[in-house]
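Undergrad: One structure, pasted below without further comment.
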Amino acid sequence: MDAIVDAKCQKSGQQSGHRMLITPERVFYAGLLGRPRERCPGAFHVYVAIRDGLHLSTSEGRESHGELAVTMPNLRHTITSEYRSAICVAIEPESVPDGTLEAVARRLQGPDSHLFANRIRNAYATLAEMQHRDAIANAEFDTMCFGDALPQRVLDPRVVRAIGRIGRFSGEPVTAAGCAAEAGLSPSRFLHLFKEETGISFRSFRAWKRARHLLHFANQDINLAHLAQDIGYPDSTHFSHSIRRFYGLKPRAIFSGSRDLAIYRTGQERALT
């Protein structure tokens with residue numbers, strides 16, 4: 001039955017042109033943005049207009065209009081599109097060294113901004129042709145979108161193991177104490193190491209990854225209360241508030257607007273779902 005549902009979703013997405021590719025450290029989305037409400041995702045975002053323009057406003061007071069907009073991780077912002085659909089490319093900040101995303105933002109918003117917008121629109125067409133591949137590496141993804149591969153951050157193996165545990169979304173909720181014990185560290189030392197390596201607190205990191213995992217199910221007809229429990233939320237209220245904070249939309253609105261979205265998963269992400 002799941003295979004039949006997936007096939008219907010893929011066909012619907014192909015017809016609408018709405019697609020999302022999810023890898024462990026990247027997302028490429030082309031579809032509806034939803035109603036313009038403030039959002040605060042944990043990843044670096046590049047928004048590109050499919051047609052017409054985009055309007056961006058941030059909590060820092062920045063206002064911009066054009067065919068490409070960039071936001072740093074954990075920055076509250078509102079994005080609207082003059083056309084009903086837009087493209088969004090997301091990069092997980094722990095996947096690249098410090099300073100990389102700032103450098104990418106400067107390039108994308110510089111004099112070659114129009115060229116980067118066209119490149120990402122071309123990547124949308126390319127990814128549609130690659131949709132049945134088993135995997136796409138970060139380097140290949142980045143080259144398609146930005147012209148070259150971004151450097152890869154090398155993390156402490158103990159933090160890598162903790163990130164792997166967070167990303168499995170099965171069994172008991174992952175705790176800092178459990179990760180610390182596995183790493184052979186005290187909880188306070190582990191929390192310090194985790195933030196030092198990733199640039200974000202363990203709790204904030206876990207909250208974002210939990211909300212990110214929701215994307216895998218966005219085009220499915222699924223009981224949201226059961227989904228919230230399955231991916232680690234203590235209750236439906238917490239689930240709704242968290243998703244709205246990160247995405248600017250309630251879970252039900254995300255699912256309603258994603259019925260014609262084709263979702264493709266690669267690498268570890270395929271195994272997680």
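The values are calculated or read from the model by the stated rules, or taken from the named source; none is laboratory data. Quantities reported herein were computed from a predicted structural model and do not represent experimental measurements. Counting neighbours? That spans all protein chains shown, and the Cβs are built from the backbone with ideal geometry, glycine included. Only protein heavy atoms, including side chains, enter the accessible area calculation; ligands, DNA and RNA are left aside. Shrake-Rupley method; radii C 1.70, N 1.55, O 1.52, S 1.80 Å.
Undergrad: State the number of residues belonging to the stretch 169-187 that are at pLDDT below 95 and either loosely packed, with under 13 Cβ neighbours inside 10 Å or not in a loop (DSSP other than H, G, I, E, B) (or both).
TA: So the answer is 3.
Undergrad: What is the residue count in the stretch 155-168 for residues that are of a type in the set (A, V, I, L, M), open to solvent by 30 Å² or more (accessible area, probe 1.4 Å) and touching a residue at least 24 places away in the same chain (Cβ under 8 Å)?
TA: Matching residues across the stretch 155-168 total 2.
Undergrad: So in the stretch 245-262, with the set limited to residues that are touching a residue at least 60 places away in the same chain (Cβ under 8 Å) and in a helix (DSSP H, G or I), which one is least open to solvent (accessible area, probe 1.4 Å)?
TA: The extreme case among them is Phe246.
Undergrad: Looking at the stretch 100-151, which of its residues are assigned to a helix (DSSP H, G or I), open to solvent by 40 Å² or more (accessible area, probe 1.4 Å) and among the small types (Gly, Ala, Ser)?
TA: Within the stretch 100-151, Ala125, Ala139 meet the criteria.
Undergrad: If you go through the stretch 58-68 one residue at a time, do you hit one that is open to solvent by less than 10 Å² (accessible area, probe 1.4 Å) and in contact with a Phe, Trp or Tyr (Cβ under 9 Å, 6 or more places away or on another chain)?
TA: So far as the stretch 58-68 goes, no, none of its residues is open to solvent by less than 10 Å² (accessible area, probe 1.4 Å) and in contact with a Phe, Trp or Tyr (Cβ under 9 Å, 6 or more places away or on another chain).
Undergrad: If we only count strands (runs of 3 or more DSSP E) wholly inside the stretch 1-88, which ones have 2 or more residues that are modelled with pLDDT of 95 or more and among the polar types (S, T, N, Q)?
TA: Those strands (runs of 3 or more DSSP E) span 54-58, 77-81.
Undergrad: Run Ile200 past the list (1) within 20 Å of Met72 (Cβ to Cβ); (2) assigned to a helix (DSSP H, G or I); (3) open to solvent by less than 50 Å² (accessible area, probe 1.4 Å) and report the number of the one that doesn't hold.
TA: Ile200 satisfies every listed condition except (2).
Undergrad: Within the stretch 219-239, work out how many residues are outside any helix (DSSP H, G or I) and surrounded by fewer than 21 Cβ atoms within 10 Å (Cβ to Cβ).
TA: Qualifying residue count, the stretch 219-239: 8.
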